[in-house]
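The values are calculated or read from the model by the stated rules, or taken from the named source; none is laboratory data. Given the structure is predicted, the values throughout are model-derived calculations rather than measurements. Backbone-built Cβ (ideal geometry, glycine too); neighbour counts: all protein chains shown. Heads up: the accessible areas ignore ligands, DNA and RNA and are worked out on the full protein's heavy atoms, side chains in. Shrake-Rupley method; radii C 1.70, N 1.55, O 1.52, S 1.80 Å.
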Amino acid sequence: MEKLIITAAVNGAEVMRNHTPYVPYTPEEVANAAVESADAGASIIHVHARCADGTATQDKEVYREIIERIREKSRVIVQVSTGGAVGMSAAERADVITLEPEMATLTSGTVNFGDSVFYNAPADIEQFAKLMAKHKVRPEVEVFDTGMITTAARLMQKGWLAGPLHFDLVMGVPGGISAEMTNLLHMVSLLPAGSTWTVAGIGRAQLPMATAAILLGGHARVGLEDNIYYAKGQLAKSNAELVSRVVRLAGELGREVATPDEARRLVGVRNNL
Ligand code: KMH
Ligand code: ZN
């Protein structure tokens, strides 16, 4: 089996301080969480930009500061969000791609997202893919349900996405596919040949899905964006705490953890350091 890539999704767009006091907002806080997570064993950091009061923003300058601050201290791969927050326009979400980060997310379909709708029209998905190709940004295809895998495969056939694809199987968002082992196996069975995948289990599904990924040869995403608890009723005190647990589990299960440069090779990320 290839080494395990651990992604830390350190803040997201929706988790606020009234949910957990440990969620990072400012570029300095996000960078500190990223570096701590990288030191704990994460090789990819998925980041969202926030305003000082925590409101989600896709302001390119905020992303620029986050990336620069992380770069001062770590070789970890920085993956920016093009999902942003529900309600943002596609153009607003896409602007960060022009910063030419090493990686960015690309959601390949629309999904109900709790009481909201995370809207991704076919024409917008195509534009995201083309812009990422133009700026040599490696997409991580975010899929919240099975049909989104089909859409990504179609984009690859049309030449808008370069294969092999790298997927993030997001499981357990209310409105998306639920986080059950049978669903994970089904999702993996649908991936185009040669794809790599990571799984992001939402809430209490984070730990079992990460464990399944270790065993199945996939990769694992943890962090406060997807889950704020370490155990039932016990908040995780940092992203690094969640990363460290996966590193320990991988060790117990005999799977080595990838460094950032190994992760670059495994998922085809260009090295722009
Ligand atoms: N905040 C969600 C609506 C991504 O980062 O690309 C979308 C999201 C996905 O978080
Ligand atoms: Zn995100």
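Couple of notes before you dig in:
- Conditions (1) at pLDDT 95 or above; (2) surrounded by fewer than 23 Cβ atoms within 10 Å (Cβ to Cβ); (3) more than 16 Å from ligand 2 (Cβ to nearest atom); number of the one not met by residue 273: (1)
- All conditions but one from (1) open to solvent by 10 Å² or more (accessible area, probe 1.4 Å); (2) within 16 Å of ligand 2 (Cβ to nearest atom); (3) in contact (Cβ under 8 Å) with a residue 40 or more places away in the chain apply to residue 200; the one that does not is (1).
- The C-beta contact set for the range 119-147 (first residue farther than 25 Å from residue 266 by Cα and without any contact (Cβ under 8 Å) to a residue 12 or more places away in the chain, second residue open to solvent by 10 Å² or more (accessible area, probe 1.4 Å) and not in a strand (DSSP E or B), distance under 9 angstrom, 6+ apart or interchain) comprises 123/90.
- In a residue-by-residue description of the range 164-171, the property of being open to solvent by 30 Å² or more (accessible area, probe 1.4 Å) and away from ligand 1 (no atom under 16 Å from the Cβ) applies to at least one position.
- Residue within the range 72-80 that is crowded, with 16+ Cβ neighbours inside 10 Å, in a loop (DSSP other than H, G, I, E, B) and within 12 Å of ligand 2 (Cβ to nearest atom) present: no
- Residue among 181, 187 that is of a type outside the set (Ser, Thr, Tyr), surrounded by fewer than 20 Cβ atoms within 10 Å (Cβ to Cβ) and out of contact with any Gly (no Cβ under 6 Å at 6 or more places or on another chain): 181
- Residue check for residue 38: crowded, with 20+ Cβ neighbours inside 10 Å and either part of a helix (DSSP H, G or I) or out of contact with any Lys or Arg (no Cβ under 9 Å at 6 or more places or on another chain) (or both): yes
- Scanning the range 94-141 for residues that are of a type in the set (Ser, Thr, Tyr) and within 29 Å of residue 43 (Cβ to Cβ) gives 98, 105, 107, 108.
- Flag for residue 33 being over 18 Å from residue 94 (Cα atoms), under 16 Å from the mean Cα position of the chain (by Cα) and either within 16 Å of ligand 2 (Cβ to nearest atom) or open to solvent by less than 30 Å² (accessible area, probe 1.4 Å) (or both): yes
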